[in-house]
Amino acid sequence: MRSSAKHGVPENARGITAHVLTLHQRLYHALNLGCRSSESRRKWQCSDIEIQRLVLRSVDAFLDCISTETLQYPLVKDSVVDMVRALGSILEFKSQSILRLASSVVAKLVNILPSPMLQSHVLDLICPLADLLSSQQVPVAISCATSMNVILTKISSRQEREVSQILDETKVVGYLVRNVKQFCVDDKPIEYIQEMASVLSKILWRWPSFRFCVWSDPKFLSILDAIRLVPGNSVKVAVLQLYSSLALCGYGAEKLLENGETLLQFMVGCMDSSNTNSVRMEAFKLARCLMLSRRGCEKMMRICCEPLVKAVMSTMNNWRSQSEKLDKSQMSVMEEACRLASITRWAGDHHSYLWKSGVDRLFLDLLVANHTKIQKPQRELSVHDLITVVQESQSANLPLSFRPYLWDILGGLAANCPENIDLERHGNDLRLSVLIICACSSFVNSVGALCQVSRDGPTNMAECESATRAVLMMVYSPCKYISSLARSILCEILKSNGRDYVEYLLKILSRRLAGNKFGLPGNLEIVVTLMSLACYSSVPKYRKLIIKFQGMKTLVAFIMWWLNNPVRTKRASMVPHLRDSFTERSCCVPCTEEWEGEDLLLLFGLWILAELLHHSADMGVHLSDSLEDFSEARLIQELQEICRNHNSHGSRWYAAYILCYFGIFGFPSKLGKRIGKSLGEKEHSDLKLDLANEESVYVHEVILTVRCPSLLPRRESVPKEKSSIGSNIKPCTERRSIKAVRLSAHVDQQSLLKLLEYVYLGYLQASEDLVKKLKIFARHCKLESLMQMLCRRNPKWDVPVPTFDLSPALGPAGEHFSNLLLESSTTEVVHWKCNSCCNQVPHLHVHKIILESSCDYLRALFQSGMQESHMQTIKVPVSWESLNKLVGWFYSEQLPEPTFDCIWDNMDPEEKFREVQSYLELCWLAEFWLIEDLHEECYKVVISCLDSSRYLSTKIIQIAANFSLWKLAQVAAEYMAPSYHHLRYSGDLDALDSNLVEMVRAASVRLSQEGSHQFS
């Protein structure tokens, strides 16, 4: 143990007062009493209670004289490590008579030490503190919880893994949950629940793995509901924080919203201005956590849409009235309200409530100073004069950091505004004009800032991006009033330097394209450039300039470059105001929420090209003139691949939109390509469409029922032809007679065939002359997505891509047309009942035409003419669960994959294996039945399961070998290789075949050799 110098002032103590030196000497005199000669000097341990008490008093006195200034002296710094070790040892002894003093001294220490200094000693304190959270001495438990709160706030990200391990080993979350449950029972003080809830919320925020055991505890949630009724702002803050940390898990949010009326009522009440700013901020934060997913947002809007909108508007109105007087805590509340209001990016009832609440009036007050100058009599002003008035009146009081939120909210309102809304009738027209002028002015300034970005760096790119995005949403708004007004205003504002900016934007794109230099901040610069060009493309004058400056050629090259070198990035990763350290730690939240996804660069590139193509014919320009380096056939092929692959909804919509100009209408898909082969085939058809020219088209009622029911006649009015199949088939699987339907002479044969092409393939190809006829047909058949394509209407923001999904045929509507039953080879299903037939064995009603379209093995079986081809039932050699997955894939091409989230992490190992076992079965069956796509998908799922849980490898390797899936067995062996020696000595390899053990051993040898090469 260190000691102070005996003679004079030590070198490391110069500048320290005599009083501090005296206390330091007393401290080390006490600390030295706890040292034993046989132990290391750096170890403190003493079981004598009186010595422990002396040390505690000495530490307490020394801490009282420490200040920020004295902490900088080496003498004081060096003392910290010895104090921490002594305090940690005293806490571990748990001497009841001095625990209260010890815990309070530790609380004082962690509060005094700055974060960098405390981080060095976190591991020495956190274990004994965690152990004492369950202390029966309430003051001790409170002090330990207080210390834990401070430590968890100050730890670094590098320490999180070690701290998480300690928390797991000490079962601290379980203690905290129990303490919260006991609060109401034992009548403990308010400080107790406040500190316990705060520690628990901090743990749940930092470490998602602990959330499951808390939100899945119904008793805990019911106790929490009772605690929130306890009066006091500190309790409200703690409870709100705890709810928020639970809602960071997508499943936790769903659990809270199951019966969430009272919770949401409490939350909205806490947003009221009568509460403290800390309470209000936590209430807004909880609302955001509950709405991290679209599903959560929709559920909340159904429960409390109007009160929530009123709370947000009230808070922002308070900002308007006190913008010059707001302190830091008030600004934090306003920022949380703005973040919450950004849910305008999703459609819903909240949009209408925002308009009714006067969101346009509020934003006008925030963005324009002296807006009273813009009075109703000035409605007669020209656009130019109104722009001048507004630009002279723009407010400088609104902090720059808040402007991006306002642009996002406005952009969301414009993108989701109904087409037929009458803003003039509601008196919004002038205010809306002013807001659009503000947005367009900021956008034009952003383009100017973009010109300087290479010289000055992206200093204000956040507002550039948000303002540009807002204008983009406005000029392409589904509301014709907003889009036309925004385009006219933008055209007027761009008059002075629009031409120069267009040329410069295209140069940025060309320069980046040539250099292949992408990455932050380059990605953000390119996104703003592309969005700016999309805005310019909406105005005829600048659209012509883009085409004149070879813009179409540049964009085609950019799109093709991206497809060869995909640069995937999310908006939230680029724009500072969307980065939120709190919600970044969310888990189990669906990742396919945003329409633009990670394909921002591709989406906006396609967007511009689509807009240019839409108007190119009027200008006598053809895309073929811009395809010097690429053939038209290759571009079409790439666009079709975008539609088929797992790109974002926005990219797929615009790829399909561009394909319209090549005479291709719809969304190509793999399943549609397979189903399309059966169009016109008589085999398995049950409906014949007779045309006026005596020709017939054979179709399948099950496909028309799902894809285009309007083409089907009423069942009872259709005459039947005699079936060629015998009548000894059971009713539930009987081969239906071929029904004949005579179509009207007005039905155009070519149009009908093209419409059926769309029904079977998901898309069609047609010339311009035929498109006119198809529009009538599509309108009659209520095919809205096809109608949008035929009319070449711009895709609407946030509308999902229509899927080629035949799953409804597995329901009651399709069971009527079933001609085959599938049964599982196992009978693990106990409670099961079919609503369509009397068969007691678990089975699925399916359709041969759909199965054989995706499986050559089954096609060959059905067409073989052998006995098996006439079977009513096929017993599939897989489990019932696997059979359901298989049939689901046949009908939708979607394989339900395990989500490696909280629920998966908390599964029993055997449950995980049962989950992955069905994919192993399907992987084997797909290989046997020659279904390559399904085999590849199942293979990837099994590999991802191995990634998430290496324990599964010892199970998977044997099952894979049993199924002769040697490639999977080899992968499992490689996962086992690092643990080969441990597995061998533990006996875990004893159950494996000798050849599999050898496979693992060989993988282990290869791994060792690779490691040796790396270090040689």
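The values are calculated or read from the model by the stated rules, or taken from the named source; none is laboratory data. Source: prediction; values computed, not measured. Neighbour counts run over all protein chains shown; Cβ positions are idealised from the backbone, glycine included. Heavy atoms of the whole protein, side chains included, go into the accessibility calculation; ligands, DNA and RNA do not. Shrake-Rupley method; radii C 1.70, N 1.55, O 1.52, S 1.80 Å.
So what's the gap between the Cα centers of region 872-909 and region 76-95, to the nearest angstrom? So the separation of the two Cα centres works out to 55 Å.
Relative to the Cα centre, what is the charge dipole magnitude of region 820-875, using +1 at the beta carbon of each Lys and Arg, -1 at the beta carbon of each Asp and Glu, and rounding to the nearest 20 debye? Let's see the in-between values first.
Numbers: 4 positive and 5 negative charges, 27 e Å.
Here region 820-875 has a charge dipole of around 140 debye.
Run the dipole for region 788-924 about the Cα centre, Lys and Arg Cβ at +1, Asp and Glu Cβ at -1, nothing else charged, and hand back the magnitude in debye, nearest 20.
Details: 10 positive and 18 negative charges, 154 e Å.
Roughly 740 debye, rounded to the nearest 20.
What separates the Cα centres of region 916-944 and region 181-246 is a distance of 44 Å.
Here's the picture: charge each Lys and Arg Cβ at +1 and each Asp and Glu Cβ at -1 in the chain, and of Ala514, Met313, Ser616 the one pushed furthest to the positive end of that dipole is Met313. Solvent exposure of Glu492, expressed as accessible area, is near 40 Å², computed with a probe of 1.4 Å over the protein chains only.
Mind checking which of Phe913, Ser949, Ser994 is farthest towards the positive end of region 883-1006's charge dipole, using Cβ charges of +1 (Lys, Arg) and -1 (Asp, Glu) about the Cα centre? Most positive-ward Cα: Ser994. 3J(HN,Hα) couplings calculated from phi for region 667-683 with the Karplus curve 6.51 cos²θ - 1.76 cosθ + 1.60 (θ = phi - 60°) are, in sequence order, 10, x, 8, 5, 5, x, 4, 6, 5, x, 5, 8, 5, x, 6, 6, 4 Hz; Gly and Pro show x. Each residue of region 911-926 was assigned a 3J(HN,Hα) from its phi angle through the Karplus expression (A = 6.51, B = -1.76, C = 1.60, θ = phi - 60°), giving 5, 4, 5, 4, 5, 7, 4, 5, 6, 5, 4, 5, 4, 5, 5, 4 Hz with x at Gly and Pro. Proximity of backbone amide H atoms, modeled 1.01 Å from N, is registered between Cys587 and Cys249, Gly250 at under 5 Å, excluding neighbours fewer than 5 places apart on the same chain. Charge dipole of the chain (Cα centre as origin; +1 on each Lys and Arg Cβ, -1 on each Asp and Glu Cβ, all else neutral): 1560 debye, rounded to the nearest 20.
Ligands, DNA and RNA are left out, and with a 1.4 angstrom probe the accessible area of the chain is 44 Å² per residue. The H on the amide N of Gln394, modeled in the peptide plane, is under 5 Å from the matching H of Ala369, each at least 5 residues off or on a different chain. Taking amide hydrogens as placed 1.01 Å from N in the peptide plane, the amide H of Arg742 sits under 5 Å from those of Asp690, each at least 5 positions away in sequence or on another chain.
The candidate values are [x] 117, 87, 64; [y] 91, 68, 63; [z] 95, 89, 64; the one derived from this structure for Cα extents along the principal axes in Å carries the label [x].
Write down the percent of antiparallel bridges among all DSSP beta bridges whose residues are both part of the chain, to the nearest 5.
Details: 13 of 23 bridges.
Bridges in the chain that DSSP calls antiparallel: roughly 55 percent.
With each run of n ≥ 4 DSSP H residues scored as -39500 (n - 2.57), what mean residue ellipticity at 222 nm is computed for the chain after dividing by its residue count and rounding to the nearest 500 deg cm²/dmol? Walk me through the numbers before you get to the answer.
On the way: 48 runs with 609 residues, N = 1016.
Only helices count here, giving -19000 deg cm²/dmol.
With θ taken as phi - 60° and the Karplus curve 6.51 cos²θ - 1.76 cosθ + 1.60 applied, the whole-hertz 3J(HN,Hα) list for region 971-977 is 5, 4, 4, 5, 5, 7, 3 Hz, x standing for glycine and proline. Of the cross-linked pairs Lys875/Lys912; Lys754/Lys782; Lys495/Lys541; Lys912/Lys940, those separated by over 19 Å at the C-alpha level are Lys875/Lys912.
Order of 850-858, 278-286, 499-507 by packing, highest average Cβ count within 10 Å first? Provide the component values of the computation, followed by the final result.
Numbers: 850-858: 20.3, 278-286: 24.8, 499-507: 17.9.
By packing density, highest mean first, the sequence is 278-286, 850-858, 499-507.
Between the listed residues Phe963, Gln867, Cys297, the Cα displaced farthest toward the positive end of the dipole of the chain, a dipole computed from Cβ unit charges relative to the Cα centre, is found at Cys297.
Could you sort the peptides 914-924, 993-1003 by per-residue average Cβ neighbour count (10 Å cutoff), highest mean leading?
On the way: 914-924: 22.4, 993-1003: 16.4.
Highest mean packing first, the order is 914-924, 993-1003.
In the context of the full protein assembly, Ile227 retains an accessible surface of approximately 0 Å², using a probe radius of 1.4 Å and ignoring ligands and nucleic acids.
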